[in-house]
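Below: one structure, written as structure tokens.
The values are calculated or read from the model by the stated rules, or taken from the named source; none is laboratory data. No experiment lies behind these values; they were computed from the predicted model shown. As a convention, Cβ positions derive from the backbone with ideal geometry for all residues, glycine included, and neighbour counts pool all protein chains shown. Calculation scope for accessible area: heavy atoms of the full protein, side chains included, ligands and nucleic acids excluded. Shrake-Rupley method; radii C 1.70, N 1.55, O 1.52, S 1.80 Å.
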Amino acid sequence: MYFILITLLIFYTVFIFWKWRFIKFSWKNNAFFAPILPVIGTMYLPVMYGCTDVITATSYVGSKVGFPYNVWMIFDYYYFTKDPMDIKTVLHNLSAQNKASVYDDIAYLFPNSLLIAHYKDWRIRRKAYMKCFKPSTLKSYCSDYFQNALDKIDNMRKEKSDFAMSYDAFNRLTCKNFFTTSVGLNEEPGSLNIFADKLLEFEDDLAKKLVNPLIHVMLWYHLHPGGIRTANAIKTIRSIIKQILEKKMHQRADAKADFHSEDNNAELPLLDLMTSLKESIISEKDLFNDMVFIAAAATDTTGHTLMMAFTFLGMFPDVQETLLEEITRVGSNITFDDLLKLSYTEAVINETLRLFPVVPFVGRVLDKDIDLGHKVIPRGTHFAASIFDLHRDNRYWPDPLKFNPNRFLPENISKVQPGTFIPFSTGPRDCIGKAQAMAMMKITIALIIRNFKIHSKHKSIEEFQYISGITMKTRQQPDCHFSLRQ
Ligand code: HEM
């Protein structure tokens, strides 16, 4: 017994000397969470209060002790903030472009993918992929988004007169949207639905793992039921992408397609561009990992956002009515050029992303000290920006829990303080797919609302509880019912 106590004491003393700079810094911020325990850090505290995932833990601690605050995850010091200026300073600083250690768990499914790759490696890949995210490429995708929404509507018409929709239904649609556009898949393999479903399963288990110190270490996680389920989900997800890519490659070889990387101006779908980059600047392995990640990033972010946007529309019939008026004005065939006319639809999506930022926080590790003007954050700090809490801060958002798309209308947008609305993050490592996401969601919402009336039993935003791994969703399936418009 004495031996264990003395060992812990020695360990603790060494730890304090080792991390002294962070400990000193953390006292200046918000000392409540500064006390640390060797090995398990302070993450056990939110767990003790029943926080079973990152978003509950982050917001719980924020509401108890205020922002900014400190958390220790094993040996890593985390500085959590929701200050828009500090977030901007750090996320735009080139010495803070590597990802915080919480992203290590993501490496399990997306090893060395664009999201988590080291800055130097990431820069080359991001620059190469940017070619497929140009407006001209997006323009060529819009007819597929339109067609896929119509197919979905045809299926919805076969349902009974009043039917519920769920996260998996929207994730399956957004997954199809990604593969028909970025991969050029023209038939619908059933495996796409399995991909979308397994991704949801993976996310649920990851959410629990991130805040549970007992399964934080991978070695133990492999023996945990969640770990075993995750391993199976990963195997399925990766093999589905492999099969789809192999099939597409064969089709291409048969068609004797010829792609040249120096053809900079061509509107290349992502898969075509990746094929042209193979073995040149990006290894085949990294290209595959990036494809798995981008497919996942495109699927559940937009799927969950659509689910919540429709739920909010069901809760607020006046907003739904105004939206329908705009869509009726724009006409039945929505093209790329019409997207700009859908300003109320865009405002509804933005208001959804404000209250429900599907990526609720982002994290970076600092390679150098960063001066925020009022304090210097030490090198090695893991900086976490709570987008969720920033978007609900009443200093920037009057009546923050009111669903009010008018905040984002062109005539009001100047009242939104810069840096306070960042659902796609900010800085060089922001979301590469934001324009695609917005275009696809606008088209989908417009077509579905024109055909279906939505209602929901929820009355207020306060009713929802959330759970988050990489992406966020409501803890319970929201109530969201559709009936055909007469
Ligand atoms: C509602 C929709 C979406 C939201 C709110 C969203 C949000 C975000 C955020 C916050 C990040 C930064 C993550 C971080 O810094 O840790 C990110 C990164 C990323 N997103 Fe999205 N995203 C959405 C849709 C999409 C779509 C449709 C695609 C692909 C077509 C996509 C592809 C990516 C990629 C590849 C990255 C990594 C970028 C990099 O590190 O260079 N996202 N997204």
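Quick notes on this one:
- Taking every Cα-Cα distance in the range 365-455 and sorting them into 5 Å bins starting at zero, the pair-distance distribution P(r) comes out as 2, 10, 12, 17, 19, 16, 11, 7, 3, 3, 1 percent.
- Accessible surface, 1.4 Å probe, highest first, among residues Ile422, Ile194: Ile194, Ile422
- Label positions at Ala164 and His224, each projected 7 Å from the Cα along the C-beta direction, are separated by 2.9 nm.
- The separation of the range 51-85 from the range 124-169, counted between C-alpha centres, amounts to 35 Å.
- Range in the chain, longest, excluding exposed GluC sites (Glu not before Pro) [loop by DSSP; at most 13 other beta-carbon atoms within 10 Å]: 1-186
- The range 135-215: C-alpha gyration tensor shape, a/c 1.5 cut-off, then a/b vs b/c: oblate
- Difference of contour (0.36 nm per residue) and Cα-Cα distance, Gln147 to Arg475: 114.9 nm
- Over all other residues within a Cβ to Cβ distance under 9 Å of Tyr466, the charged ones net out to +1, with Lys and Arg as +1 and Asp and Glu as -1.
- Here is the result for the range 295-347: no chymotrypsin sites (Phe, Trp or Tyr not before Pro) lie in DSSP coil with at most 16 other C-beta atoms within 10 angstrom of their C-beta.
- Net charge of neighbours whose Cβ lies under 9 Å from the Cβ of Lys99, counting Lys and Arg as +1 and Asp and Glu as -1: +1
- Pairs from the table (Lys158/Lys453; Lys28/Lys375; Lys131/Lys242; Lys176/Lys242; Lys152/Lys442) lying more than 18 angstrom apart at Cα are Lys131/Lys242.
- Ranking Pro423, Val71, Ala164 by how far each Cα lies toward the positive end of the dipole of the chain (charges on Cβ) leaves Val71 at the top.
- Working note: 222 nm ellipticity from helices only, DSSP H runs with n ≥ 4, each -39,500 (n - 2.57), summed and divided by the residues of the chain, gives -16500 deg cm²/dmol to the nearest 500.
- Near Thr58, once Lys and Arg are set to +1 and Asp and Glu to -1 for all other residues with Cβ below 13 Å from its Cβ, the sum equals +1.
- The range 425-479 and the range 363-422 have Cα centres spaced 19 Å apart.
- Whichever aspartates and glutamates have a C-alpha closer than 15 Å to that of Lys99, once near sequence neighbours (fewer than 8 apart) are set aside: Asp76, Asp121, Asp367, Asp430
- Largest first and in whole Å, the equivalent-ellipsoid semi-axes of the chain read 38, 28, 22, each the square root of five times a Cα gyration tensor eigenvalue.
- Solvent-accessible surface ranking, highest first, for Ile413, Ile10 at 1.4 angstrom: Ile10, Ile413
- Taking label positions 7 Å along the Cα-Cβ direction at both Arg123 and Leu484, the computed distance is 5.7 nm, reported to one decimal.
- Distance between the 7 Å Cα→Cβ label points at Thr52 and Leu372: 3.3 nm.
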